[in-house]
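Here, each number is a calculation from the coordinates, and none is a lab measurement. Everything quoted here is computed from the prediction, not taken from an experiment. Every residue, glycine among them, receives a Cβ derived from its backbone with ideal geometry; neighbour counts consider all protein chains shown.
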Amino acid sequence: MKILAIETSTEACSAALGIDNSCIYRHQIAPRKHTELILPMIDSLLNEANIKLNSLDAIAFGRGPGAFTGVRIAISVTQGLAYPYDIPVIPISTLATLAQQFSDKYDCIAASFDARMKEIYWGLYRKNKLNIMEAIKKEKVCLPNNISTPSSGEWFGVGSGWKLYSDEIKSKFKCKIIDFDDNAYPHAKDIIKIAIPLYLDGKVMSAELVSPVYLRDKVTS
């Protein structure tokens, strides 16, 4: 199984290539340079693995929420690579990807990052039997004092939303917060982890059907 993953929804730009049980990746924090970086990253991964683009089984990508330009870059690159070879694609939530990064350490993750306009993107996830983070409530964009909260469990927070609004979030949270990491960014290698069971279950789509998820009508770049 060979799956390429692309994540450009935030300030971080990353690509990963999963081949059976191994994964190689490229990652860089580079605001507004994603268009310059992402294709060379992908070429580098394919060359390192010595495989051709048309041999991929699927391309997974961060479908948002996130910056308008960043989400569009991931979709455009995915469609451009997948369409000529009829490679199936797998859209993955950026918030779920952020949560997945900590799945080896925690069972319950509250993922959040800055949505600008004094709002945050917000999602709550619990680890399933496959060690994959699953949303327990609908992802949303909201003011920090309007977050959805869980009814049970011990939770770990992750993402820039915690850096900006930790006091507001804590004041609304009903369950125990173990700790939080406010410096983490979504990473393509975690998209691979989420995408594998989806691919095996046949939950893929054609490149032309891909659409972004912004969670709000007004978008920011």
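If a/c stays under 1.5 just call it rounded; otherwise compare a/b with b/c (prolate if a/b is bigger, oblate if not). Do that for segment 82-182, with a ≥ b ≥ c from the square roots of the Cα gyration tensor eigenvalues.
Taking the square roots of the gyration eigenvalues as a ≥ b ≥ c, segment 82-182 is oblate.
As a rough footprinting exposure proxy, the listed residues THR69, THR97, THR10 were ranked by other beta carbons within 10 Å of their own, and the order from fewest upward is THR69, THR10, THR97.
For segment 43-161, the antiparallel share of DSSP beta bridges with both residues in that region comes to about 65%. Legend: helices of the chain (whole DSSP H runs) are marked when their alpha-carbon atoms reach 20 angstrom or more along the helix axis and their mean Kyte-Doolittle hydropathy is at least -1.0; marked are 34-49, 68-82. If only the Cβ of Lys and Arg carry +1 and only the Cβ of Asp and Glu carry -1, the dipole of the chain around its Cα centre is close to 520 debye.
Please label the shape of the chain as rounded, prolate or oblate, based on the square roots a ≥ b ≥ c of the eigenvalues of the alpha-carbon gyration tensor (a/c under 1.5 means rounded; beyond that, a/b larger than b/c means prolate, else oblate). In terms of gyration-tensor shape, prolate.
Sorting PHE156, PHE61 from the fewest to the most surrounding beta carbons within 10 angstrom yields PHE156, PHE61.
Here the Gaussian network model covers the chain, with springs between Cα atoms less than 10 Å apart; of LEU209, LEU164, LEU81, LEU209 fluctuates the most.
Filter LYS2/LYS189; LYS137/LYS176; LYS105/LYS193; LYS127/LYS193; LYS105/LYS172; LYS2/LYS137 down to the pairs with a C-alpha to C-alpha distance above 20 Å, please. Beyond 20 Å between Cα atoms: LYS105/LYS172; LYS2/LYS137. Scalar couplings 3J(HN,Hα) for segment 110-116, obtained by applying the Karplus form with A = 6.51, B = -1.76, C = 1.60 to θ = phi - 60°, are 10, 9, 7, 9, 4, 10, 6 Hz; x denotes Gly and Pro. The ranking of LYS129, LYS138, LYS189, LYS2 from fewest to most other beta carbons within 10 Å of each one's beta carbon is LYS129, LYS138, LYS2, LYS189.
Among the trypsin sites (Lys or Arg not before Pro) within segment 36-73, those in coil by DSSP and having at most 12 neighbouring Cβ atoms inside 10 Å are LYS52. Taking the charge dipole of the chain about its Cα centre, with +1 at Lys and Arg Cβ atoms and -1 at Asp and Glu Cβ atoms, the residue from PRO144, ILE24, LEU37 reaching farthest to the positive side is PRO144.
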